[in-house]
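Chemist: Okay, here's the structure, questions in a sec.
The values are calculated or read from the model by the stated rules, or taken from the named source; none is laboratory data. These numbers were taken from a predicted model, which means no experiment stands behind them. Please note: Cβ atoms are built from the backbone with ideal geometry, for glycine as well, and neighbour counts cover all protein chains shown.
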Amino acid sequence: MKRGLVACLLALIAAAPIARAQNADEWPARRVTFVLPFAPGGAIDIYARTFAQKLSDKFGKPFVVENRPGAGTVLAANSVARATPDGHTVLVSPSPLAINATLYKKLPYDTANDFIPIAYVADIPLVLVVHPSLPIKSVTDLIKYAKDNPGKLSYASSGTGTTLHLSGEMLKSMSGIKMTHVPYKGGPPALNDVVAGHVQLVFADPSSAIQQIRAGTVRPLGLTSKARLPSAPDIPPIAEAGVPGFEAVSWAVFLAPAKTPDAIVKKLNAELTALAATPEMREQTIKLGMIPVISPSLSQLKDFLPQQIERWGKLVQQAGIAGSE
């Protein structure tokens, strides 16, 4: 009898946190952590911290950003995949989450099934820039130059398998040109070597590239998004500038661990999408070199990761780097 009573009590104790976690009215019950797979200081870091501060102010509970860089975003993603699914640990991720599903031989999590996308709030395009010494003023010029001068163009990236690298692979594939890939340990050194003239071009983060564009140290040719960047409206999309259909956009998406209760997912979705739509947040999104997005519904987001894994996976396969990490 006593054993039965003890077993019953233990079961109730074990179930109590789950029961509390399933009650959206009590969320947040404690600190909420936004896990970011990059070091502090970048555009998406600033963006996530603004969300955290606004939500802290609203709920009177601490919302904090935890930076967990390393292993090509795998460390951060794994920490969230293994977190208690109660809405208090959320991943803020760009496209490497989907890219890694094909790039890595083995991951400690199942990308398509261990996360629930809860809000898609911004697109993060790249801007294609070249050194101004080149006789290239448009994407069309670039394609002609590459075909007339085979083997003479090289493009920098922030590393093998990154969005910067795969954008170059997409351009090569869709335009039929050849370029040599030169990987660096991060976007800033890649851009710096283009500024110095050591490499001819790079797909760069707009937040850093626009400063160099204004200084005249690089020349912009086009954006990887189909929409124009509000902070630099004169730069045309590559799809309009010579390569129809071109699009290689990263994204800012909030994701919860799988098995997070539906009620909490819905509350997180409502709070994040409402905040992202405010004029203040939209203005900051634009200042950071991103494009505000009206998040798809939760039902539409269910297919988001599988679609992105397939889309980026094709480029990874095409580049010959599938399973290389």
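Chemist: Which one is nearest to residue 302 (Cα to Cα) among residues in region 216-249 that are at pLDDT 95 or above and of a type in the set (S, T, N, Q)?
Modeler: 225
Chemist: Look at residue 49 and say whether it is surrounded by 11 or more Cβ atoms within 10 Å (Cβ to Cβ), modelled with pLDDT of 95 or more and within 30 Å of residue 96 (Cα to Cα).
Modeler: Judged against the criteria, residue 49 is a match.
Chemist: Here's a follow-up. When region 52-79 is examined, which residues are found to be of a type in the set (A, V, I, L, M, F, W, C) and modelled with pLDDT under 95?
Modeler: Matches in region 52-79: 71 only.
Chemist: Within region 258-312, which residues are at pLDDT 95 or above, part of a helix (DSSP H, G or I), among the aliphatic types (A, V, I, L, M) and surrounded by fewer than 17 Cβ atoms within 10 Å (Cβ to Cβ)?
Modeler: Within region 258-312, 263, 270, 274 meet the criteria.
Chemist: I'm told residue 152 meets every condition in (1) over 22 Å from the mean Cα position of the chain (by Cα); (2) modelled with pLDDT under 95; (3) crowded, with 20+ Cβ neighbours inside 10 Å except one. Can you identify the failing condition by its number?
Modeler: It fails just one condition, (3).
Chemist: While we're here: Mind listing just one residue for me: the one in region 94-117 that is small (Gly, Ala, Ser) and in a loop (DSSP other than H, G, I, E, B) and, of those, nearest to residue 155 (Cα to Cα)?
Modeler: 95
Chemist: Within region 235-245, is there a residue that is on the phi > 0 side of the Ramachandran plot, surrounded by 17 or more Cβ atoms within 10 Å (Cβ to Cβ) and in a loop (DSSP other than H, G, I, E, B)?
Modeler: Yes, that holds for at least one residue.
Chemist: From the set of residues in region 169-207 that are without any contact (Cβ under 8 Å) to a residue 12 or more places away in the chain and closer than 14 Å to residue 217 by Cα, which is surrounded by the fewest Cβ atoms within 10 Å (Cβ to Cβ)?
Modeler: Top of the filtered list is 196.
Chemist: Sticking with this one: Can you tell me which residue among 93, 56 is among the hydroxyl-bearing types (Ser, Thr, Tyr) and either in contact (Cβ under 8 Å) with a residue 60 or more places away in the chain or not assigned by TED's automatic domain parsing to the domain that holds residue 301 (or both)?
Modeler: Matching residue, one of 93, 56: 93.
Chemist: Can you tell me which residue is farthest from residue 190 (Cα to Cα) among those in region 155-176 that are of a type in the set (S, T, N, Q) and under 23 Å from the mean Cα position of the chain (by Cα)?
Modeler: By that ranking, first place goes to 173.
Chemist: Looking only at region 217-234, which residues are part of a loop (DSSP other than H, G, I, E, B) and touching a residue at least 60 places away in the same chain (Cβ under 8 Å)?
Modeler: If the condition is that a residue be part of a loop (DSSP other than H, G, I, E, B) and touching a residue at least 60 places away in the same chain (Cβ under 8 Å), then 217, 218, 224, 225, 227, 230 are the ones that fit.
To keep it simple, each residue is scored yes or no on (1) touching a strand residue (DSSP E or B) at 6+ places or on another chain (Cβ under 8 Å); (2) of a type in the set (Ser, Thr, Tyr); (3) not in a helix (DSSP H, G or I).
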site: 29; (1), (2), (3): no, no, yes
site: 41; (1), (2), (3): no, no, yes
site: 55; (1), (2), (3): yes, no, no
site: 78; (1), (2), (3): no, no, no
site: 87; (1), (2), (3): yes, no, yes
site: 92; (1), (2), (3): yes, no, yes
site: 119; (1), (2), (3): yes, no, yes
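Chemist: Which residues, counting only those in region 200-216, are in contact with a His (Cβ under 8 Å, 6 or more places away or on another chain) and either part of a loop (DSSP other than H, G, I, E, B) or more than 17 Å from residue 132 (Cα to Cα) (or both)?
Modeler: If the condition is that a residue be in contact with a His (Cβ under 8 Å, 6 or more places away or on another chain) and either part of a loop (DSSP other than H, G, I, E, B) or more than 17 Å from residue 132 (Cα to Cα) (or both), then 200 is the only one that fits.
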